[in-house]
Amino acid sequence: MIKVDKEVSLDRFRRFLILSTCKSFIPEEYERDPLVFPERYGERGMIYVESADKYTLDKARDVTFVRVKDVLGVIYESKSGNTSLRWRQTKGRMGRVSGRASANALVNLLAAGVLSEEDVRAQEVISGGEGAPESGGDAERRPPGPRRDARELSERPEIPGVGTLVRIARRGFEPPSPAPRAGIIDR
């Protein structure tokens, strides 16, 4: 897991929410409208948008699409519970996103432009929840110090290398094309 703490626009965080929850089924007009956000309620995987004004547009699967005005904050928790992020407004449509993100969420954060490759390299790698000891038994948490480089990040079993995450994010989540089956010739 990676600890996240960065100033970012609401539009980029909204893009992350869409990539993480409803990219495959969000209506095109909602995706283009910067005032429409996904929300999800329940025990697992909550998304909540705190705003001055909000009304429900539509519901698809477990996601409710809402049109909002004057967003003050957004809470995102993944269904797995491995990612917990909060965006809080600082000025206008800018805010600070903070929390913890899994490797899967990092791919979406990179693709949405919330984090850059350099941001990921600079972030503190954590294991489990906030304040949990790093993996490896009774090892103490590393004190704040010099930045960790990509080699060190890629050696950690709980998160793929930064290069791998960036390649996945740039590829646009396209699954690799299937290899031709042996013995079949297309004509």
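Within segment 74-90, residues that are under 11 Å from residue 105 (Cα atoms) sit with their Cβ atoms under 7 Å from residues that are of a type in the set (Lys, Arg) and in a strand (DSSP E or B), at 6+ positions apart or across chains, in these pairs: 83/100; 84/100. Quick one: how many residues across segment 77-98 are under 16 Å from residue 20 (Cβ atoms), out of contact with any Phe, Trp or Tyr (no Cβ under 8 Å at 6 or more places or on another chain) and surrounded by 14 or more Cβ atoms within 10 Å (Cβ to Cβ)? Final tally of qualifying residues: 4. Evaluate the following for residue 35: is it hydrophobic (A, V, I, L, M, F, W, C) and touching a Gly at 6+ places or on another chain (Cβ under 7 Å)? Here the answer is no, as residue 35 does not meet what is asked. Within segment 74-117, being outside any loop (DSSP other than H, G, I, E, B), of a type in the set (Lys, Arg) and within 24 Å of residue 35 (Cβ to Cβ) holds for 86, 88, 91, 96. With a requirement of 1 or more residues that are surrounded by fewer than 19 Cβ atoms within 10 Å (Cβ to Cβ), the strands (runs of 3 or more DSSP E) lying completely within segment 1-73 that satisfy it span 2-9, 47-60.
One residue stands out among those in segment 80-117 that are in contact with a helix residue (DSSP H, G or I) (Cβ under 9 Å, 6 or more places away or on another chain) and of a type in the set (D, E, K, R): the one that is nearest to residue 5 (Cα to Cα), which is 117.
None of the figures in this text is laboratory data; all of them are computed from the coordinates on show. Quick caveat, the model's predicted, so the values are computed rather than measured. Because the Cβ atoms are built from the backbone with ideal geometry, glycine has one as well, and the counts that use them run over all protein chains shown.
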